[in-house]
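A.B. asks: Below you will find the structure I want to go over with you.
The values are calculated or read from the model by the stated rules, or taken from the named source; none is laboratory data. What you see is a predicted model; the values in this text were computed from it and never measured. Counting neighbours? That spans all protein chains shown, and the Cβs are built from the backbone with ideal geometry, glycine included. Ligands, DNA and RNA are excluded from the accessible area calculation, which covers all protein heavy atoms including side chains. Shrake-Rupley method; radii C 1.70, N 1.55, O 1.52, S 1.80 Å.
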Amino acid sequence: ATTSSGVALTWMAVRNFDDLTPFADPANTSLKELSLYQVYRATAPVRASWSLMVNLSTSSALTWTDPAGITGYCYSIKAVNITAGSPFSIVRCAGNNSAWIVAADGSYMNIPPQGIKAIMGTPGQPDTAYLIRPSSGTPDLAHGIMKDVQFTAYKGGRVLDTKLTIDGMATLNLRYNTTGSSVVASGLGTGLPAPQPGNLSVFWYNNADWMQLYGKLDSANQAMVIQTAFFGPYQLRLAARSTGFVFNAAGLTNRFITPNGDQKNDNAVFIFDNPAGSPVNGKIFDVRGRLVVGALPAGPVPNSLIWDGKTGGKPVPSGTYIYQLSAAGKTYTGTVFIIK
């Protein structure tokens with residue numbers, strides 16, 4: 001929070017080791033469990049040099065104020081014991097209400113303000129907050145997998161939750177490496193065809209199948225960018241793509257919407273291939289053909305639309321609804337269901 005004296009940082013106490021083993025007594029930790037907190041500062045949330053600002057004992061209040069923070073710095077916290085330090089926490093920046101979860105290779109998920117509510121939990125109730133841990137898997141050139149990055153959610157910092165979603169759409173940025181004009185699998189030196197909008201695609205594992213999310217090529221920053229409401233495993237793969245707008249039923253993440261605000265199945269996301277960035281219009285009709293929603297919202301990257309089961313901010317009645325997605329002279333329709 002920005003105050004008249006700078007930027008005030010507040011965080012929840014660490015209660016377990018990196019392998020999720022709980023401390024014997026979180027209120028009275030030993031030096032083997034937790035010895036101090038470190039506050040770091042940088043000029044950008046990703047691909048910037050982090051400077052250690054202060055070491056704070058665990059007996060201190062979980063807060064620190066940076067008098068220079070009003071100039072636009074970003075911040076992250078580490079927990080340290082006598083053996084090692086934790087990975088960086090979620091990154092927050094002065095004057096910006098979003099959050100960044102950054103993987104070791106610079107890939108990141110930028111969560112909008114409305115989405116942060118799903119992971120921060122209720123103040124003073126640590127079991128309602130989420131730890132989102134980024135990690136990397138092993139590329140598989142035989143199957144065209146150039147990068148494997150996971151954003152895993154743990155409720156209360158301990159309990160795995162594979163169904164957590166956020167309100168709004170986070171921006172996922174998966175970085176790739178190149179050698180000359182060839183894209184290189186992470187950690188491997190083998191070069192494959194140069195990255196193009198038609199040969200790289202993002203995939204996400206929905207706990208049952210790998211879904212192709214497509215994405216937009218950002219060659220200047222060597223990244224594929226998508227909008228997503230989901231955590232979990234993501235892969236960057238070499239995969240043939242259409243040159244125009246394409247949607248199929250596999251791109252619908254959830255046909256059964258339960259808009260009750262529990263962050264599980266609260267919305268349906270329609271994911272499509274749209275390499276040309278054509279304007280996409282999404283509509284919702286009831287079974288009698290009456291228009292319910294005239295324009296489904298989308299993020300800044302044109303790969304998805306989202307419906308939260310509402311119209312005019314209010315939940316629609318239970319029942320069957322028809323979606324219609326149109327772009328570049330093509331129209332796709334299907335059904336979703338509202339369940340209360």
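A.B. asks: Taking a ≥ b ≥ c as the square roots of the Cα gyration tensor eigenvalues, with a/c under 1.5 meaning rounded and otherwise prolate when a/b beats b/c, else oblate, which class fits segment 79-141?
C.D. replies: oblate
A.B. asks: Run the reach check for Lys340 against lysines, Cα to Cα strictly under 28 Å, same-chain hits fewer than 8 apart removed. What comes back?
C.D. replies: Once the sequence-local lysines are set aside, what remains near Lys340 is Lys117, Lys155, Lys163, Lys264, Lys283, Lys310, Lys314.
A.B. asks: Where only protein heavy atoms count, and the probe is 1.4 Å, what is the accessible area per residue for segment 63-146 in Å²?
C.D. replies: Value for segment 63-146: 48 Å² per residue.
A.B. asks: Just need the Rg to Rh number for the chain, please, alpha carbons only, Kirkwood Rh.
C.D. replies: Over the Cα atoms of the chain, Rg/Rh equals 0.99.
A.B. asks: Tally Lys and Arg at +1 and Asp and Glu at -1 over the other residues with C-beta under 10 Å from the C-beta of Leu52: what net charge comes out?
C.D. replies: +2
A.B. asks: Ranked highest first by average number of other Cβ atoms within 10 Å, how do 153-159, 168-174 line up?
C.D. replies: Per-residue mean Cβ counts within 10 Å order the peptides as 168-174, 153-159.
A.B. asks: Pop out the ³J(HN,Hα) list for segment 143-159 in order, Karplus 6.51 cos²θ - 1.76 cosθ + 1.60 with θ = phi - 60°, rounded to Hz; leave Gly and Pro as x.
C.D. replies: 10, x, 8, 8, 8, 10, 10, 10, 10, 9, 9, 10, 6, x, x, 9, 9
A.B. asks: Of all accessible surface on the chain at a 1.4 Å probe, what whole percent is carbon and sulfur?
C.D. replies: Ligands and nucleic acids excluded, carbon and sulfur reach 54 percent.
A.B. asks: What Kirkwood hydrodynamic radius, in Å, does segment 212-340 give when the mean of 1/r is taken over all pairs of distinct Cα atoms and then inverted?
C.D. replies: Roughly 15.4 Å, rounded to one decimal.
A.B. asks: Short version: ³J(HN,Hα) in whole Hz for each residue of segment 58-66, in order, from phi by Karplus 6.51 cos²θ - 1.76 cosθ + 1.60 (θ = phi - 60°), x for Gly and Pro, what are they?
C.D. replies: Computed from phi, the couplings for segment 58-66 are 5, 7, 6, 5, 7, 7, 7, 10, 9 Hz.
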